1. Taking the stated definitions as given, is Ala16 surrounded by 10 or more Cβ atoms within 10 Å (Cβ to Cβ), at pLDDT below 95 and touching an Asp or Glu at 6+ places or on another chain (Cβ under 9 Å)?
2. Considering only residues that are in a helix (DSSP H, G or I), surrounded by 11 or more Cβ atoms within 10 Å (Cβ to Cβ) and over 13 Å from the mean Cα position of the chain (by Cα), which ones fall in region 40-69?
3. Got a number for residues in region 1-39 being within 19 Å of Leu62 (Cα to Cα), of a type outside the set (A, V, I, L, M, F, W, C) and within 14 Å of the chain's Cα centre (by Cα)?
Amino acid sequence: MQAHDHLEAELLRRQARSEPLDDVREEVFAEMFDELIRQIALLNPERGLLLLRVRDERRLTLLSLAALA
């Protein structure tokens, strides 16, 4: 629950909007996801690599969609 509370506090501190396409919100979630990947990679490197791939694929998908808009 501590991670969830930290996420909510950071969203409030940075004044992120509740809209899914808010740049501040996206940045906060990206930072949190990177930290989760780091922590998981320390415990299980294979899972860490898999999560890195998921993160990178998501970024590429979002960039592709933005280019189409």
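The values are calculated or read from the model by the stated rules, or taken from the named source; none is laboratory data. Remember, it's a predicted structure, so these values are computed and weren't measured experimentally. Heads up, the Cβs are rebuilt from the backbone with ideal geometry, glycines too, and the neighbour counts pull from every protein chain shown.
1. Considered against the rule, which asks whether it is surrounded by 10 or more Cβ atoms within 10 Å (Cβ to Cβ), at pLDDT below 95 and touching an Asp or Glu at 6+ places or on another chain (Cβ under 9 Å), Ala16 comes out as yes.
2. Ile40, Ala41, Arg47, Gly48, Leu49, Leu50
3. 8
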